[in-house]
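The values are calculated or read from the model by the stated rules, or taken from the named source; none is laboratory data. Small disclaimer: the values here were computed from a predicted structure and weren't measured. Here the Cβ is made from the backbone with ideal geometry for all residues, glycine too, and neighbour counts use every protein chain on show.
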Amino acid sequence: MQIRKAKGLGALALLSAAALAIAGCAPGNTAAPSANPDDQNALPSTAWVRADASSVQDGGTLTLAVSSLPVNWNIYQIDGNERDTNDIYSTMSGGPIKIDESGEPVVDENYASSAELVSEDPQVVEVKLNPNAVWEDGTPITVADYQGMWKANNGSNPDYVVTSTTGWDQVSSVEQGEDEFDLKITFSSVFADWQSLLSPVLKASVTADPTTFNTGYTTQAVPSSGPFKVRSIDATAGVATLERNPNWWGETPKLETIVYRAVSQDQQGSSFSNGEIDAVEISANADLYQTAQGVQGAQIQASNGLTWTHITMRASDGPLADVNVRKAVASIVNREQIANTANSPVGVPAITQGSYIFMPGQDGYTDGALPYDTDAGAKYLEDAGYTKDGDSWVKDGTPLKFSVTVPADTATNVQRAEQIQADLGEFGIPVELVSVPVGGYFSDYIIPGDFEMVTFSWVGTAYPISSTRSLFTPVDSEQNFTGIADERLDGLWEQANNELDPTARLETAQEIDKVLWESVPIIPIAPLPNVWAVKQGLVNWGATQFETVDWTIVGFQNS
């Protein structure tokens, strides 16, 4: 499963075909394309079929699968910080900044004519909003909407249960310039990833008060500012239908409707084969890969990704509160084997994830991971006070054992948990797999901290430094599920996010990585390339690492 923050600053989490997002980023430190043109195994940053708008059919319906419909349609509220929600929301939102194929932030002229850093001391950003840009009810997108974003997300009112305060908590004012379309954001301290705060934006009515922000959009969609708007939500059937937004001011979308259907991962292969959905995310699912290869005309696409699998440990109490126990787990679990099992069967390179901040191939990436070494694992356990008693590791008469909470019917997540179970079990540490409903995996277990170990995926952004902070610090961050935070991290992250010099910023980020590998709150496992199977003729949508989808030209190519 995956969690991700594809919004202002944050990360998305996923169940490895479900995930959470990460929020936060930094200009000048965005990831460069990781494909090496001299490497025959290298993957592109975008793998979808490109087509001019003139060659795309006018009309039609695109049907896509999600693991479940949103439990909260507000992606800036912690319960809305899921990848599926962000994916749906992307069709009905936008903002002054979009991301190009190389991972660079660029101005989206649908929403703004310019977005510039006009002063460094103090840091001031000025955005010239497009006066033609409106919400679905026809009211313009103005400075007032950004003022609402700042007040809701800056952490000054804890009643707003936000995904992340990163960046917004460094803003001292959001003011109107010459008119309501002249946005001026002044920072109290330097925030290098300022572009990440601009897109997307919520309507001021959504952020007006904590109750509306937190619970006002659990059964209805937030107002659209994009080419599509929600027409209907059938919670019983698990279907959300979107239609062209009649007040969209840009180019008319090619598609007439987009349907998101809740389909369990176990059923998505057959749904794709039967033509019930037009694409399926294969991720690391070998069965889906084989199924997709048998669908006539289906195209399998693979690009580099921003998703990385990991083990998150609840380290606030119990055996995992001891850093040596966490280091032991990191040394005993064979990450190389997990990566090989996940990636090789779907035709993509098998590599491990050695950084908490950067993806392999990104500028600044270094592999600081603890190596697979069971002898080292034994030494770490001995340092934690455990001794080997027969087939068990025991301390004060209590055998060491763990549990991993897994989402039901999510094959890749279960498979990874079973490999963790096998590695630790063979070493003498029994692991129980606790299966829970997929729909409540994050909201009922991960977010409340009701687990010992979990394994899902984080989905990053084009702003890797600032977006990952909330995963590790402070201890009460809405995205820090570990229950701990190294006291050195806040100062280092403040230093990194206040640094406009790219070289110095990367050096600080690498120091952060070293601290994280010393405390091991999370065990990174492997990056997941984006592997998709798409229906024949589907263009301008599919596997991509960074690129913002232009939903006006997504559709089916003319015959």
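Considering only the stretch 426-441, state which residues are more than 21 Å from residue 317 (Cβ to Cβ), crowded, with 16+ Cβ neighbours inside 10 Å and not hydroxyl-bearing (Ser, Thr, Tyr).
Hits for the stretch 426-441 are 427, 428, 438, 439.
Name the single residue that is farthest from residue 439 (Cα to Cα) among those in the stretch 226-246 being out of contact with any Lys or Arg (no Cβ under 6 Å at 6 or more places or on another chain) and in a loop (DSSP other than H, G, I, E, B).
Out of the qualifying residues, it is 246.
Please go through the stretch 359-375 and pick out each residue that is over 19 Å from residue 519 (Cβ atoms) and either in a loop (DSSP other than H, G, I, E, B) or hydrophobic (A, V, I, L, M, F, W, C) (or both).
359, 360, 361, 362, 363, 364, 365, 372
Looking at the structure I just gave you, is residue 107 without any contact (Cβ under 8 Å) to a residue 12 or more places away in the chain, surrounded by 15 or more Cβ atoms within 10 Å (Cβ to Cβ) and either of a type in the set (Ser, Thr, Tyr) or within 16 Å of residue 201 (Cα to Cα) (or both)?
So residue 107 fits the description; yes.
Those residues that are aromatic (Phe, Trp, Tyr) and either assigned to a loop (DSSP other than H, G, I, E, B) or surrounded by fewer than 16 Cβ atoms within 10 Å (Cβ to Cβ) (or both), I need them from the stretch 247-260; list them, please.
At the first step, the residues of the stretch 247-260 found to be aromatic (Phe, Trp, Tyr) are 248-249, 260.
Within the stretch 247-260, 248, 249 qualify.
If I filter the stretch 398-410 down to residues being at pLDDT below 95 and surrounded by fewer than 20 Cβ atoms within 10 Å (Cβ to Cβ), which single residue comes out as nearest to residue 449 (Cα to Cα)? Talk me through it step by step, then tell me what you get.
Step one: filter the stretch 398-410 for residues at pLDDT below 95, giving 407-410.
Those left that are additionally surrounded by fewer than 20 Cβ atoms within 10 Å (Cβ to Cβ): 408-409.
On the way: 408: 18, 409: 21 Å.
Looking at residues that are at pLDDT below 95 and surrounded by fewer than 20 Cβ atoms within 10 Å (Cβ to Cβ), I get 408.
Could you count how many residues in the stretch 516-559 are closer than 29 Å to residue 340 by Cβ, out of contact with any Ser or Thr (no Cβ under 7 Å at 6 or more places or on another chain) and hydrophobic (A, V, I, L, M, F, W, C)?
Residues that pass the stated criteria total 7.
Could you list, in sequence order, the residues of the stretch 195-219 that are surrounded by fewer than 19 Cβ atoms within 10 Å (Cβ to Cβ) and either in contact (Cβ under 8 Å) with a residue 60 or more places away in the chain or not in a loop (DSSP other than H, G, I, E, B) (or both)?
Selection gives 208, 210, 211, 212, 215, 218.
Return yes when residue 284 is out of contact with any Lys or Arg (no Cβ under 6 Å at 6 or more places or on another chain), outside any loop (DSSP other than H, G, I, E, B) and in contact (Cβ under 8 Å) with a residue 60 or more places away in the chain and no when it is not.
It is false that residue 284 is out of contact with any Lys or Arg (no Cβ under 6 Å at 6 or more places or on another chain), outside any loop (DSSP other than H, G, I, E, B) and in contact (Cβ under 8 Å) with a residue 60 or more places away in the chain.
Among 350, 321, 315, which is more than 21 Å from residue 428 (Cα to Cα), under 27 Å from the mean Cα position of the chain (by Cα) and not basic (Lys, Arg)?
Result of the check over 350, 321, 315: 350.
Among the candidates 174, 222, 162, which residue alone is buried (at least 22 other Cβ atoms within 10 Å of the Cβ) and in contact with an Asp or Glu (Cβ under 8 Å, 6 or more places away or on another chain)?
Every option except 162 fails the conditions.
Within the stretch 459-474, can one find any residue that is within 21 Å of the chain's Cα centre (by Cα), surrounded by fewer than 19 Cβ atoms within 10 Å (Cβ to Cβ) and more than 24 Å from residue 277 (Cα to Cα)?
Within the stretch 459-474, one or more residues are within 21 Å of the chain's Cα centre (by Cα), surrounded by fewer than 19 Cβ atoms within 10 Å (Cβ to Cβ) and more than 24 Å from residue 277 (Cα to Cα).
Listed here are the residues, each with its yes/no results for (1) in contact with a Ser or Thr (Cβ under 9 Å, 6 or more places away or on another chain); (2) modelled with pLDDT of 90 or more.
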site	(1), (2)
287	no, no
294	yes, yes
313	yes, yes
317	no, yes
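Hey, residue 68 hits all of (1) more than 22 Å from the chain's Cα centre (by Cα); (2) under 22 Å from residue 272 (Cα atoms); (3) in a loop (DSSP other than H, G, I, E, B) but one; which does it fall short on?
(1)
Hey, can you tell me all the residues within the stretch 116-146 that are more than 21 Å from residue 465 (Cα to Cα) and touching a Leu at 6+ places or on another chain (Cβ under 9 Å)?
Result: 126, 127, 128, 129, 140, 141, 142, 143, 145, 146.
Just the residues that are assigned to a loop (DSSP other than H, G, I, E, B) and at negative phi, please, taken from the stretch 381-427.
So the first thing to find is which residues in the stretch 381-427 are assigned to a loop (DSSP other than H, G, I, E, B), and the list is 384-386, 390-391, 396-397, 400-401, 408-410.
Matches in the stretch 381-427: 384, 386, 391, 400, 401, 408, 410.
Tell me which residues, restricted to the stretch 376-404, are farther than 22 Å from residue 519 by Cβ and in contact with a Ser or Thr (Cβ under 9 Å, 6 or more places away or on another chain).
394, 399, 401
Filter the stretch 509-559 down to residues that are of a type in the set (Phe, Trp, Tyr) and modelled with pLDDT of 95 or more and give me whichever is nearest to residue 360 (Cα to Cα).
Only one residue fits best here, namely 517.
Which of the residues spanning the stretch 256-274 are over 20 Å from residue 69 (Cβ atoms) and in contact (Cβ under 8 Å) with a residue 60 or more places away in the chain?
256
Looking at the stretch 137-157, can you tell me whether even one residue there is closer than 30 Å to residue 446 by Cβ and of a type in the set (Lys, Arg)?
Yes, because at least one residue in the stretch 137-157 is closer than 30 Å to residue 446 by Cβ and of a type in the set (Lys, Arg).
If you check every pair at least six apart or on different chains, which have Cβ atoms under 6 Å apart with a residue in the stretch 371-391 that is over 14 Å from residue 424 (Cα atoms) first and a residue that is aromatic (Phe, Trp, Tyr) and in a strand (DSSP E or B) second?
Pairs found: 386/393.
Considering only the stretch 120-147, how many residues are in a loop (DSSP other than H, G, I, E, B) and within 29 Å of the chain's Cα centre (by Cα)? Don't jump to the end; show me each part of the working.
Of all residues in the stretch 120-147, those in a loop (DSSP other than H, G, I, E, B) come to 121-122, 130-133, 135-139, 141-142.
From what is left, the residues that are within 29 Å of the chain's Cα centre (by Cα) are 130, 133, 135-136, 141-142.
Here the count works out to 6.
Kindly provide the set of residues from the stretch 531-559 that are assigned to a strand (DSSP E or B), surrounded by 24 or more Cβ atoms within 10 Å (Cβ to Cβ) and of a type outside the set (A, V, I, L, M, F, W, C), ordered by number.
555
Report the residue count in the stretch 303-349 for those that are touching a residue at least 40 places away in the same chain (Cβ under 8 Å) and either of a type in the set (D, E, K, R) or surrounded by fewer than 20 Cβ atoms within 10 Å (Cβ to Cβ) (or both).
Qualifying residue count for the region: 17.
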